[in-house]
Amino acid sequence: MYRKLIRYSNKIFNLFDIIASITDERLKPQIPTVKIVAAIIIMYFTNLGSLNSLSQTISLNDLKKEIPSVSTIARAADTMDLEEIRKIGIEIYGKARKSKMLRPCHGMWVGVVDGHEQITSPYCKCPYCKSRTVTKKDGVKEIQYYHEFTAFILAGPKISFILDIEPILPGEGEISSSYRLIERVCKNYPKAFKIVIGDGLYLKETVFNLLEGHHKHAIAVLKEERRQLFEEANRLSLLSEPKVYRQKKTYYRVWDHSISGCWDGYGKKVRVIVSEEATPGRVHSKDGRSFENRVNRANWMWVTNLPCPEGDDIDDLKNTVRVCHSRWQIENQCFNETVNTWNADHVYRHSKNAIIVFLLLLFTCVNIFNIFRIRNIKDRSIKTKIYLIELIKAGFHTTHNPLPPIPI
Ligand SMILES: [Zn+2]
């Protein structure tokens, strides 16, 4: 399976050729950058989890000479060119989109943006670490150091595709970083998406205006802090009847309000979509012997500048609510999955540049892996991702020469 994945990456995406364009700023490098990038890609594809386990595995396979040492990889990552790595992502996206490997989300091309905190440790720090003081249960104060970044993904029905990330630097908030990220993503992927969704933080006129400038629509979660809009939407909901429908097990009561004059700074009319959702389910009773029925309720509100539908079509509204909900993909498929399955929170090398290098390369590998899995695995016995990853790992250990074809 390992060889199959390597072959697939090379045949479909030309991966081990295109990574040859990546450079770094080491003086008089003994080992070309492409070898280092290839080693990192092998480490990710085989889910080895750290540079040390890569070097140990390789020494067992007697290929030590072919794989750069841990310190060389780390040093090169300090100065590797991020724009060149991003170009690899753009090329892979282009091929995937052209070959229809990516699908729209409920009929629309939707981008999702959100922030993620990467590491927390009491000792590791660099000039770009963010820090906070935490008081523990026993009253002892401790300084925690961490890095944060914002990520931009393309939501999809089966897989999401991670487009780009941007660090959140010390002294700045998520919005400043995501502003740079959104601008870059709009420039690098001008036709990839039509709508961008963010959580309550993104309900900012700067974000809405920036996206409008690139001919994109925005959706942001409406929270209580935006009092004027929030209260106006609630007032209107009391005065009008919702659309009521059921989808799978969930019952929806949805209002679609058109509101103007309640958002200082933006000044344009917006739609506020209010969705009250009830899903009946069964949970274990407290004594653990039987089940009891319980209704899970959730109330959602979103603000968007999507144009109002022309008719009164309920299917339009149902679809808009589904699109609004696709924001969860960034939490589940991007952050949770890459952290739990791919060890994304591990810091392979603690420097501002290296952290982003490793994440960008990881996301490139995860994108290729996801496409490989849904397009190329026909064997029905391979049901889970974890099983497929184990097969790839096993293939790596048993392959006589696991090195990919690198153009040197
Ligand atoms: Zn740091």
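Below 8 Å between Cα atoms, with a sequence gap of 6+, how large is the relative contact order for the chain in percent?
Working: 632 pairs, mean separation 85.4, N = 408.
It comes to 21 percent, rounded to a whole number.
Sparsely packed loop sites in segment 217-314 (the GluC sites (Glu not before Pro) outside DSSP H, G, I, E and B with at most 15 other Cβ atoms within 10 Å) comprise 224, 225, 310.
A simple rule links phi to the HN-Hα coupling: the Karplus curve 6.51 cos²θ - 1.76 cosθ + 1.60 with θ = phi - 60°, which for segment 249-263 gives 8, 9, 9, 10, 10, 10, 10, 10, 9, 10, 10, 10, x, 10, 10 Hz, with x for Gly and Pro.
Helix-only estimate, please: 222 nm mean residue ellipticity of the chain, summing -39500 (n - 2.57) across DSSP H runs of length 4 or more and dividing by its residues, to the nearest 500. Each step should come with its number before you reach the end.
Values: 13 runs with 158 residues, N = 408.
Calculated at 222 nm, the ellipticity per residue is -12000 deg cm²/dmol.
Each other residue within a Cβ distance under 12 Å of residue 334 adds +1 if Lys or Arg and -1 if Asp or Glu, for a net charge of -3. Please work out whether segment 230-275 counts as rounded, prolate or oblate from its C-alpha gyration tensor, where a ≥ b ≥ c are the square roots of the eigenvalues and a/c under 1.5 means rounded, while otherwise a/b larger than b/c means prolate and anything else oblate? Here segment 230-275 falls in the prolate category.
Charges only on Cβ, +1 for Lys and Arg, -1 for Asp and Glu: so what's the dipole of segment 160-217 about the Cα centre, in debye to the nearest 20? Please list the in-between numbers first.
Working: 7 positive and 8 negative charges, 64 e Å.
The calculated dipole for segment 160-217 is roughly 300 debye.
Protection proxy ranking of 247-253, 122-128, 328-334, by the mean of other Cβ atoms within 10 Å over each peptide's residues and highest first, is 328-334, 247-253, 122-128. Near residue 130, which lysines are there with a Cα under 17 Å away, not counting those fewer than 8 places off in the same chain? Within the straight-line cut-off, residue 130 pairs with 141, 352.
Quick one: Debye curve from the C-alpha atoms of segment 17-114, no solvent, what's log10 I(q)/I(0) at q = 0.14, 0.25 Å⁻¹? Here log10 of I(q) over I(0) equals -0.67, -1.30.
For the chain, the longest principal axis of the Cα atoms and the long axis of helix 385-398 meet at an angle of about 10 degrees. Counting only aspartates and glutamates at least 8 places from residue 87 when in the same chain, those with an alpha carbon closer than 17 Å to its own are 17, 24, 164, 166, 183.
Could you state the orientation-averaged shadow area of the convex hull built on the Cα atoms of the chain, in nm² to one decimal? Can you show the working numbers first?
Details: hull surface 100.7 nm².
Convex hull of Cα atoms, orientation-averaged projection: 25.2 nm².
Students often check this: by mean Cβ neighbours within 10 Å, which of 157-170, 377-390 ranks highest, and how do the rest follow? Can you show the working numbers first?
Working: 157-170: 20.9, 377-390: 11.6.
Most protected by this proxy first, the peptides run 157-170, 377-390.
Scoring 293-305, 8-20, 196-208 by mean Cβ neighbours within 10 Å over their residues and listing the highest first yields 196-208, 8-20, 293-305. State the Cα centre-to-centre distance between segment 73-100 and segment 21-72 in whole Å. Between the Cα centres of segment 73-100 and segment 21-72 lies a distance of 17 Å. Using the empirical formula 2.2 N^0.38 Å as the baseline, the Cα radius of gyration of segment 190-300 reaches a ratio of 1.37.
In terms of distances greater than 27 angstrom between alpha carbons, the cross-link table entries 137/385; 158/268; 100/318; 95/187 yield 137/385; 158/268.
The alpha-carbon of residue 28 sits under 21 angstrom from the alpha-carbons of these lysines, leaving out residues fewer than 8 places away in its chain: 65.
Calculated FRET efficiency, residue 264 to residue 234, Cβ-Cβ distance, R0 = 22 Å: about 0.75 to the nearest 0.05. Share of Cα-Cα pairs in segment 91-206 beyond 24 Å, in percent? The calculated P(r) of segment 91-206 puts 39 percent of pairs beyond 24 Å.
A short reminder: the numbers here are calculations on the coordinates, not readings from a lab. The shown structure was predicted, so the numbers you read here are calculated from the model rather than taken from an experiment. A quick note on method: Cβ atoms are made from the backbone with ideal geometry, for glycine too, and the neighbour counts reach across all protein chains shown.
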